[in-house]
Structure formats: structure tokens, C-alpha cells
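Following: one structure in C-alpha cells, then a few remarks.
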Amino acid sequence: MPMMLQRCAVGVAGPLLAVAIVSVRVRAGQSVLPSGLFSYDQLPVRASGSTEIRQMLTGATHSGYRIDLHATDLAAGQMPHAAHHHVHEELLLIREGTIEVTVGTQTTRLGPGSAVYIASNEEHGWKNVGSTPAKYFVVALGDDEPVRK
């Protein structure tokens, strides 16, 4: 096989192998998430101190990508937990209130309509620095265990 075709075959095989591995992981451990409608006021509340969490969904997409969505109400002056890091990525979508967010070495105050993207293994944390509850969504993307190659 000419060198150019070998490189092309390897370039195509790598992504296909990754999809196959992810598909096996979904079949073995998780089912594919169905469509869903989530009414905030009808979701069960899990309290953790002065924090209220409403789990909306957790599972895998059709391509095997793990996704988790929850809504949080965080009391004034509180942090949901200490700064930390993990393998999965996160999106923080702020609905109400003022949150001071630290990602890596950068700290800023954000309000309604703001968003934060947190890359894999980036140290991060936040605190409600307002005088009213902060309300936000967290979207966790991916697994905490990297796909074995």
C-alpha cells in the first residue's frame, strides 16, 4: 500500500475506532437519553446545606457522549463546594444573581445571561457574591474516565 494511502487509512481508522469504543461504553453502561421536557417547579429538590439542586438529565447522547444537566439555587454568600477539578468539561449558565467565578487564575463577577466554559482538569470554583439567591444551570460534558486508547 502506498505511504499516502496508509496515512489516509490510519487517519480514518483512528476516529472510527474511537466511535466504536464509545459505542461499546454506551451499550455496556448507559442507555441513550430519550428526548425530555423538564419543568423546573416539578423537579425533585436535593438539598445540600443552603444549596438546592434539581437534576434534569444524565446519560449518553446517540454518539455515546455523556451529558448531565442540573439546576442549582445557591444562597447569598455561599459556595456549592470548594474549588476543584475533574476530567469532564462543564458549562455554567447563570440565570439570576451575581456569581464570582474563578477558572484557573482568572476571577470575575458574572450575572444573568452570562456563561462559563470550564475545560478538562481546570481548577475552578464559584461563590454567590450577591444579596439574593443565585440560580444557574450546570452542564457536565464527558466522562471522568478518559477513553482507553
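The values are calculated or read from the model by the stated rules, or taken from the named source; none is laboratory data. None of these values were measured; they are calculated from a predicted model. When we count neighbours, we look across all protein chains shown, and the Cβ atoms used for this are built from the backbone with ideal geometry, even at glycine.
Listed values, structure above:
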quantity: Strands (runs of 3 or more DSSP E) lying entirely in the stretch 77-123 (those with 3 or more residues that are over 12 Å from the mean Cα position of the chain (by Cα)); calculated: 89-96, 99-103, 106-110
quantity: Members of the stretch 44-81 that are under 21 Å from ALA115 (Cβ atoms) and of a type in the set (Gly, Ala, Ser); calculated: ALA71
quantity: Where a residue in the stretch 41-60 is buried (at least 17 other Cβ atoms within 10 Å of the Cβ) and its partner, wherever it lies, is in a strand (DSSP E or B) and of a type in the set (Lys, Arg), with Cβ under 7 Å and at least six apart; calculated: ILE53/ARG46; ALA60/ARG66
quantity: The stretch 31-40, subset farther than 15 Å from VAL138 by Cα and not aliphatic (A, V, I, L, M), residue surrounded by the fewest Cβ atoms within 10 Å (Cβ to Cβ); calculated: SER35
quantity: Candidates GLU96, GLU89, GLU100, filtered to the one that is surrounded by 12 or more Cβ atoms within 10 Å (Cβ to Cβ), under 20 Å from ASP143 (Cα atoms) and free of Cβ contacts under 8 Å to residues at least 60 places away in the same chain; calculated: GLU89
quantity: Failed criterion for ALA71 (all others in (1) in contact with a Pro (Cβ under 7 Å, 6 or more places away or on another chain); (2) surrounded by 17 or more Cβ atoms within 10 Å (Cβ to Cβ) hold); calculated: (1)
quantity: Pair list, Cβ < 8 Å and 6+ apart or interchain, from the stretch 73-86 residues that are under 7 Å from THR51 (Cα atoms) to residues that are modelled with pLDDT under 95 and in a loop (DSSP other than H, G, I, E, B); calculated: LEU74/SER50; LEU74/PRO80; ALA75/SER50
